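*Asks:* What follows is a structure written as structure tokens; I'll ask about it next.
The values are calculated or read from the model by the stated rules, or taken from the named source; none is laboratory data. Predicted, not measured: the structure shown is a model, and the values here were computed from it. Neighbour counts are summed over all protein chains in view; Cβ atoms, including those assigned to glycine, are modelled from backbone coordinates with ideal geometry. Surface areas here come from the heavy atoms of the whole protein model, side chains and all, with no ligands, DNA or RNA. Shrake-Rupley method; radii C 1.70, N 1.55, O 1.52, S 1.80 Å.
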Amino acid sequence: MTPRRVAARANLELTGCTSPDGSAAFLRSGWAGVRATAQASCAGARHVRGSAVITWFDATARPVGTSRLRVRADRLVAQHPADTLLTGTVSAGWLVGERVRGGITPATAILGCATRGMAALPGTGRITFG
């Protein structure tokens, strides 16, 4: 339960992508790779710094471009520390300038984190740009 400096990696599959305003309606899915460091414990994370690259695909599954994200969260995020990996701003590529927010629902309970640690966290979630 004591916060310490950690490094995290995440691979995300983005599906069911929609563009409410129609500006990026052709972006239908994507793959994201995230790398970050943080001051974290099982109960929360802060001082998150990292980056992500999303490769976007159109409706025919052809790659159509990328977005580079700057991942940054200074405040304590207590609902789930992994949510901080989905907080930041698009710094280059498609959707540049857009804020990024999201949340992860773990597929398994995180109760064992305090006693055994956590090497991996599969789950589903939602990410929004704007």
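*Asks:* Name the residues in segment 91-125 that are assigned to a strand (DSSP E or B) and more than 20 Å from Trp56 (Cβ to Cβ), would you?
*Replies:* Listed by number, the residues that qualify are Gly103, Ile104, Thr105, Pro106, Gly123.
*Asks:* Being under 14 Å from the mean Cα position of the chain (by Cα) and not acidic (Asp, Glu) narrows it down to one of Gly65, Gly16, Gly33, Gly22, so name that one.
*Replies:* Gly33
*Asks:* Which of the residues spanning segment 7-34 are of a type in the set (A, V, I, L, M) and loosely packed, with under 15 Cβ neighbours inside 10 Å?
*Replies:* Within segment 7-34, Ala7, Ala25 meet the criteria.
*Asks:* Just a yes or no: is a residue in segment 49-58 surrounded by 13 or more Cβ atoms within 10 Å (Cβ to Cβ), over 21 Å from Leu121 (Cα atoms) and touching a residue at least 60 places away in the same chain (Cβ under 8 Å)?
*Replies:* No, because not a single residue in segment 49-58 is surrounded by 13 or more Cβ atoms within 10 Å (Cβ to Cβ), over 21 Å from Leu121 (Cα atoms) and touching a residue at least 60 places away in the same chain (Cβ under 8 Å).
*Asks:* Then there is this: Looking at (1) under 14 Å from the mean Cα position of the chain (by Cα); (2) part of a loop (DSSP other than H, G, I, E, B); (3) β-branched (Val, Ile, Thr), which is the one condition that is false for Ile54?
*Replies:* Condition not satisfied by Ile54: (2).
*Asks:* Can you name the residue in segment 114-124 that is within 19 Å of Val48 (Cα to Cα) and surrounded by 11 or more Cβ atoms within 10 Å (Cβ to Cβ) and is also farthest from the chain's Cα centre (by Cα) among such residues?
*Replies:* Ranking the candidates gives Met118 first.
*Asks:* Given the criterion without any contact (Cβ under 8 Å) to a residue 24 or more places away in the chain and either within 17 Å of Pro3 (Cβ to Cβ) or open to solvent by 70 Å² or more (accessible area, probe 1.4 Å) (or both), identify the matching residue among Thr84, Thr108, Thr89.
*Replies:* Among Thr84, Thr108, Thr89, only Thr108 is without any contact (Cβ under 8 Å) to a residue 24 or more places away in the chain and either within 17 Å of Pro3 (Cβ to Cβ) or open to solvent by 70 Å² or more (accessible area, probe 1.4 Å) (or both).
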